[in-house]
Amino acid sequence: MIKPRRLENAILAGPLVLFLLAVLGFPMILSLIYGFSDTSFQTLSAPRFSGLENFRDVTTDADFWQAAGFSLRFGLLTAALECVFGLALAVYLAPLIQRHGWIVAVLIVPMIVAPAMMGLMYRLVLHEFAGPLPYYLYHWLGWSPSFLGPRNVFATVVAAETLQWTPFAFLLFLTAYQSIPQDMREAASVDGTRPWRLFWKIELPMMMPTVFVAMFIRFIDGFRVFDNVYTLVGAGPGGSTTSMSIYIYETFLRKGEIGKAMAAAILLFVSAFVLLSLAQRMLNRADR
Amino acid sequence: MSYMTLLRGGVAGLALLAAASVAQAEVTVLGWPGGPEETALRAVTDIYNAKPDLAAENKVDLLFTSRDGFFDKLQVDLAAGSTAFDVNLIATYSIGKYAPFMEPITLSDEAGRVFGDTVLKTMQFDGQQYGVPTDLSLHFLYFRKDLTDALMADDAAKAKYAEISEKHLGKKMEPKAPEDWMWEDFVANALYFTQSINPDSPTRYGTVIQAKNLLFNMMVFHSWPRSYGANWTDDAGNITVDSEAFRTALKMAKMLFELGATPPDSTSYEYAEANAAYSSGQVAAMVQWNAAAADLTKAQAATVSTAPPAGPDGKFTHIHGLGLGLNKAAKNKEGATAFLTWLSTEEAALAYARAGGAPGLAGETVAKLAAERPDLVQVGDYASNYGFVMNGATSQNALSVYEAQAKEFTGYWAGTQDLDTAMKNIAASMTELLK
Amino acid sequence: MKRRMGLRWLVFGVAAFVMNFPVLATVVTAFKSPGEVTRNASLWVEAPTLDNFALVLTISDRLNIYHYLYNSLAAALIGAVLPMIVAFPIAWAMVRRGLFRQVLFPLVVNLRALPLIIFAIPLYLMYAAVGLLDTRLGLGLLLAVVNLPLTLMLLVNAIAEIPAELEEAARMDGARLGTLLIRLVLPLCRPALITTFVFGFITAWNEFLFGLMLTTRDAVPMTVGASFFFATSGGGVQWGVAAAVMVVAALPPLILGLIMYRRISGSMVAGAVKG
């Protein structure tokens, strides 16, 4: 019967929909309005409708594209690195973990610390005069690299993010690896398959869905990075470490160009939506 | 937008309800957290609250939030008409931005005598007084007297100094007392005290230029171009940032980056890192906020502070003030105004200074503190003699101008763009922002 | 075999050390006196002191770490549990009936990509109007929104793993929907629920920006409260105290994570794979 089902569905979907509407409904509408208006902090209650002007401002803003480029490069690079390291660690350390489970606990500590705090910790660690890393490098190798100088700063923030979030990928891959049926492995070793081949031909393909998911989540998180980059280097010399989130934040709060910030956020949301739908479709195809 | 009016009405209604139900209203003051400003504010508040003729509902309650993101939060709070505080902190460079949400105030009769005109101006916008100036910020040149004395007494060292200055600045120079420095002497000194240029240098770096992409770092830099005659606009309002004066100062600073006279990471340094570098003893001299005096002298006892070096146009230091002003949406305007008026009296100013604050006080007043706070005499002196505010630095978009400059100029110093590109960008930004 | 294990231990040691280096450095710094911080940058503390911790743990005029910890706890609990309650029913409906799957699911999951700070002003106004400003509940509601995407994703995947036959069998026995969900599906999702809770709690605990914007005094969370300890005279960062407060601030989620890590690994794969 249709009617009870419809009522049921309404009750099932109700909580989520109502919750979202209640908390985000008004803000979303207002943000959309601001996105198409000329607003500043002084004119919050009287935005002047300006059509697509904000979108034009955003898309012609070199800083926007610089931020987009940064976020893309950053997201891709950190996701790739985290997945490679995470996978390597999970697979290689799996036998060890089987006997000593506490190893996992030690390795996931970095991702539990607040990213904002992590950024501050790195600021201390890399400080030329108060930080241990430059101290030891200088004393043992006579080498005083400038971690946060313009040439190295991108590598440094990538490294900081990677080191903090590799545990996330590691955890995902570890469980995927551990859930591969043991009989598969036994069958392979009976056949005399060497471990490397076992990995490449059997285990990795079975873990592919997890690889995609891990890459995807880490890419999104890397793309929208804010906390640890901002607390570590701020917007960067010449704006070189401005991510999309930092760009939106600064446009919104520092420059007070509210409409422009909203437009940028709308663009961001739409592109992420499209990307996710595409990835979803690819994943569904890969699953079969 | 009627929706907004509805909301505002709602907020006002709630506020009225809240006010009616509360037995004692108070004056809530939002101050600058975590520094001597906080300690001093607490001290004067205690004095004020102890006054016998003060009504209970006008007692002052202090509120301190986070230093990180303080101004961002303040912006959101003020724009949304927050009633969480009656009085809030303002700064010279942001009065223009917050003025629409604040109300001008009248100071006490003594205020002119106590603070002097230059200092009172730091709290003015559009001809109106928006706040009481509680703390004055300007820059000192901090240097290691032991190092400069040793240099001036040693002939072999002087010869080396001349050699280095000839190589990089084109003329043989002699070390001078830092009080008499021109910016060229500053550069020459920095080059001499850099180990990578002069292996005999007792310090690793001659100076440290805080060059993080941060608006405050531009304020530190500005005395340099200003002493060559630079300004943001001329009197007619034309943008004059792309000038010989600005370029000269920028290029001289760039030289220090290129030759390694400032730590390579200094493009990510702000106040804390620069001070840590100087405190470690590996830096010979630097220009820094006056607030650092106590910390730096504690870390390096041989530190002396003086005014920044001079240029062809004279000796200058950027000044700005922190102060307290009246929130337009304040619940207890009467009580708040009473407190602010009292703050501008001599009694309050002296108490504030004695408790650790750093107000800019006029000669007569500050003389009363000469024994306890000699550094304030220095601050007052420099403020009136060398203090300057760039044209347009109190306008509504002043903060954005500083930010745009920070982005372009630190980009130039860090090597991500050349000077012409930086100048083109900043001139365009400033034209847009200051029109 | 022994040698291979030895090599594995080495790899573990290096990985653990490198990834945890900042945490180690911070812990070490927390035991250094202010003078030593600028003097001695190495990892070996010459004159360890508990002063920094003492300062952090004492309640003073302005700084009350227990207040911030309590606020964080309350807000994070709301922020972790509420999304679970709200998302569970519809997660089931999405899997079994494809309800709203095509549009609502991507929409919610995508919220993860959005810097929610853009909603700061409208949220502020809204909260001010209903009196949620500077309250733990208000902050908790927003943290719930932040955690919603991952919660929904993990729950959808966990439910998808449950064989439909189990539910059909229960139906045949005459179970009604409500009973089915609560008595059968929910317990089977326990691993995913635990994972979601732990991740949600950690994420909620670590939120800074909204903690700053939406609270002033009564509901200040630990992330914002931590920065109160940072500044000293003139605004320089006193690294010893800052380090001590970072250590204390990180303890609750750390303890939670370390207790629950076994459970996390148990369900993450189920949660993540189906996407």
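Run down A:Val91, A:Val153 and say which single residue is buried (at least 23 other Cβ atoms within 10 Å of the Cβ) and of a type in the set (Val, Ile, Thr). So that I can check it myself, show each step before the final result.
On the way: A:Val91 fails: buried (at least 23 other Cβ atoms within 10 Å of the Cβ).
Checking each option against the conditions leaves just A:Val153.
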Of those in the range C:39-58 that are surrounded by fewer than 22 Cβ atoms within 10 Å (Cβ to Cβ) and within 12 Å of chain A (Cβ to nearest Cβ), the residue nearest to the chain's Cα centre (by Cα) is C:Leu43
Kindly establish whether C:Arg62 is over 20 Å from C:Phe230 (Cα atoms), open to solvent by 20 Å² or more (accessible area, probe 1.4 Å) and in contact (Cβ under 8 Å) with a residue 60 or more places away in the chain. no
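Can we say B:Ser384 is touching a residue at least 24 places away in the same chain (Cβ under 8 Å) and not in a helix (DSSP H, G or I)?
On the way: touching a residue at least 24 places away in the same chain (Cβ under 8 Å): yes; not in a helix (DSSP H, G or I): no.
Spelling it out, it is not the case that B:Ser384 is touching a residue at least 24 places away in the same chain (Cβ under 8 Å) and not in a helix (DSSP H, G or I).
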Considering only helices (runs of 4 or more DSSP H) wholly within the range A:39-133, the ones with at least 2 residues that are within 13 Å of chain C (Cβ to nearest Cβ) and of a type in the set (Phe, Trp, Tyr) are A:62-99
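Report those helices (runs of 4 or more DSSP H) wholly inside the range C:1-65 carrying at least 2 residues which are out of contact with any Ser or Thr (no Cβ under 7 Å at 6 or more places or on another chain) and within 21 Å of B:Ala299 (Cα to Cα).
Details: elements: C:2-30, C:34-39, C:51-57.
Of the helices (runs of 4 or more DSSP H) lying wholly inside the range C:1-65, those with at least 2 residues that are out of contact with any Ser or Thr (no Cβ under 7 Å at 6 or more places or on another chain) and within 21 Å of B:Ala299 (Cα to Cα) span C:2-30, C:34-39.
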Which one of the conditions (1) out of contact with any helix residue (DSSP H, G or I) (no Cβ under 8 Å at 6 or more places or on another chain); (2) closer than 24 Å to B:Ser400 by Cβ; (3) within 14 Å of chain A (Cβ to nearest Cβ); (4) of a type in the set (Gly, Ala, Ser) does B:Ser268 fail to meet, given that it meets all the rest? (1)
Condition first: open to solvent by less than 40 Å² (accessible area, probe 1.4 Å) and either under 28 Å from the mean Cα position of the chain (by Cα) or of a type in the set (Lys, Arg) (or both). Now tell me which residues in the range B:195-208 satisfy that. B:Thr203, B:Tyr205, B:Gly206, B:Thr207, B:Val208
Go through the range B:387-433 and count every residue that is of a type in the set (Phe, Trp, Tyr), part of a helix (DSSP H, G or I) and open to solvent by less than 20 Å² (accessible area, probe 1.4 Å). 3
Among the residues of the range A:78-95, is any free of Cβ contacts under 8 Å to residues at least 40 places away in the same chain, touching a Leu at 6+ places or on another chain (Cβ under 6 Å) and within 29 Å of B:Asp265 (Cβ to Cβ)? no
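Does B:Leu433 satisfy being closer than 24 Å to B:Leu322 by Cβ, of a type outside the set (Ser, Thr, Tyr) and more than 20 Å from the chain's Cα centre (by Cα)? Write out each step before concluding.
On the way: closer than 24 Å to B:Leu322 by Cβ: yes; of a type outside the set (Ser, Thr, Tyr): yes; more than 20 Å from the chain's Cα centre (by Cα): yes.
When the stated conditions are applied, B:Leu433 passes them.
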Could you check how many residues of the range B:244-303 are of a type in the set (A, V, I, L, M, F, W, C), within 24 Å of B:Ser201 (Cα to Cα) and in a strand (DSSP E or B)? 4
Conditions (1) of a type in the set (Ser, Thr, Tyr); (2) without any contact (Cβ under 8 Å) to a residue 40 or more places away in the chain; (3) in a loop (DSSP other than H, G, I, E, B); number of the one not met by B:Thr207: (2)
Looking only at residues in the range B:166-179 that are without any contact (Cβ under 8 Å) to a residue 12 or more places away in the chain and part of a helix (DSSP H, G or I), which one is least open to solvent (accessible area, probe 1.4 Å)? B:Glu166
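In the set A:Thr241, A:Thr231, which member is among the hydroxyl-bearing types (Ser, Thr, Tyr), under 29 Å from B:Tyr412 (Cβ atoms), part of a helix (DSSP H, G or I) and within 14 Å of chain B (Cβ to nearest Cβ)? Reasoning before the result, please.
Numbers: A:Thr241 fails: part of a helix (DSSP H, G or I).
Among A:Thr241, A:Thr231, only A:Thr231 is among the hydroxyl-bearing types (Ser, Thr, Tyr), under 29 Å from B:Tyr412 (Cβ atoms), part of a helix (DSSP H, G or I) and within 14 Å of chain B (Cβ to nearest Cβ).
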What residue, of A:Ile11, A:Ile29, A:Ile33, is within 14 Å of chain B (Cβ to nearest Cβ), closer than 30 Å to C:Arg97 by Cβ and either surrounded by fewer than 16 Cβ atoms within 10 Å (Cβ to Cβ) or touching a residue at least 12 places away in the same chain (Cβ under 8 Å) (or both)? A:Ile29
Here the residues within the range C:186-203 that are surrounded by fewer than 21 Cβ atoms within 10 Å (Cβ to Cβ), over 15 Å from the mean Cα position of the chain (by Cα) and modelled with pLDDT of 80 or more are C:Leu186, C:Pro187, C:Leu188, C:Arg190
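Residues are listed down the side, and each one gets a yes or a no for (1) among the β-branched types (Val, Ile, Thr); (2) in a helix (DSSP H, G or I):
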{"position": "B:Ile95", "(1), (2)": "yes, yes"}
{"position": "B:Pro100", "(1), (2)": "no, yes"}
{"position": "B:Leu107", "(1), (2)": "no, no"}
{"position": "B:Leu136", "(1), (2)": "no, no"}
{"position": "B:Phe140", "(1), (2)": "no, no"}
{"position": "B:Leu147", "(1), (2)": "no, yes"}
Filtering the range B:128-151 down to residues that are open to solvent by 70 Å² or more (accessible area, probe 1.4 Å) and not charged (D, E, K, R) yields B:Gln128
Counted residues in the range B:331-356 being modelled with pLDDT of 85 or more and part of a loop (DSSP other than H, G, I, E, B) come to 5
B:Tyr412: passes all of (1) touching a residue at least 40 places away in the same chain (Cβ under 8 Å); (2) touching a Phe, Trp or Tyr at 6+ places or on another chain (Cβ under 9 Å) but (2)
Consider A:Gly256 against the criteria (1) at the interface with another protein chain (Cβ under 8 Å from one of its Cβ atoms); (2) over 20 Å from B:Gly411 (Cβ atoms); (3) assigned to a helix (DSSP H, G or I): it satisfies all of them except one. Which criterion is unmet? (3)
Do we find a residue being in a helix (DSSP H, G or I), crowded, with 21+ Cβ neighbours inside 10 Å and in contact with a strand residue (DSSP E or B) (Cβ under 8 Å, 6 or more places away or on another chain) anywhere in the range B:316-326? no
With the first residue restricted to the range B:152-165 and required to be surrounded by 13 or more Cβ atoms within 10 Å (Cβ to Cβ), and the second required to be among the polar types (S, T, N, Q), Cβ contacts under 8 Å at 6 or more apart or on different chains are B:Lys160/B:Asn198; B:Ile164/B:Asn198
Any idea which residue in the range B:39-80 is farthest from C:Arg217 (Cα to Cα), counting only those that are within 8 Å of chain C (Cβ to nearest Cβ) and open to solvent by 20 Å² or more (accessible area, probe 1.4 Å)? B:Arg42
So which pairs qualify, if the first residue must be in the range C:113-125 and within 18 Å of C:Leu150 (Cα to Cα) and at pLDDT below 80, the second must be open to solvent by 10 Å² or more (accessible area, probe 1.4 Å) and not in a helix (DSSP H, G or I), the Cβ gap must be under 6 Å, and the two must be at least 6 apart or on different chains? C:Ala113/A:Arg224
If I go through the range A:188-217 residue by residue, how many of them are touching a residue at least 40 places away in the same chain (Cβ under 8 Å) and of a type in the set (D, E, K, R)? 1
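The values are calculated or read from the model by the stated rules, or taken from the named source; none is laboratory data. The model shown is predicted, which means the values in this text are computed figures rather than measured ones. Using ideal geometry, Cβ is built from the backbone for each residue, glycine included, and neighbour counts are taken over all protein chains shown. These accessible areas exclude ligands, DNA and RNA; they are computed on the full protein's heavy atoms, side chains included. Shrake-Rupley method; radii C 1.70, N 1.55, O 1.52, S 1.80 Å.
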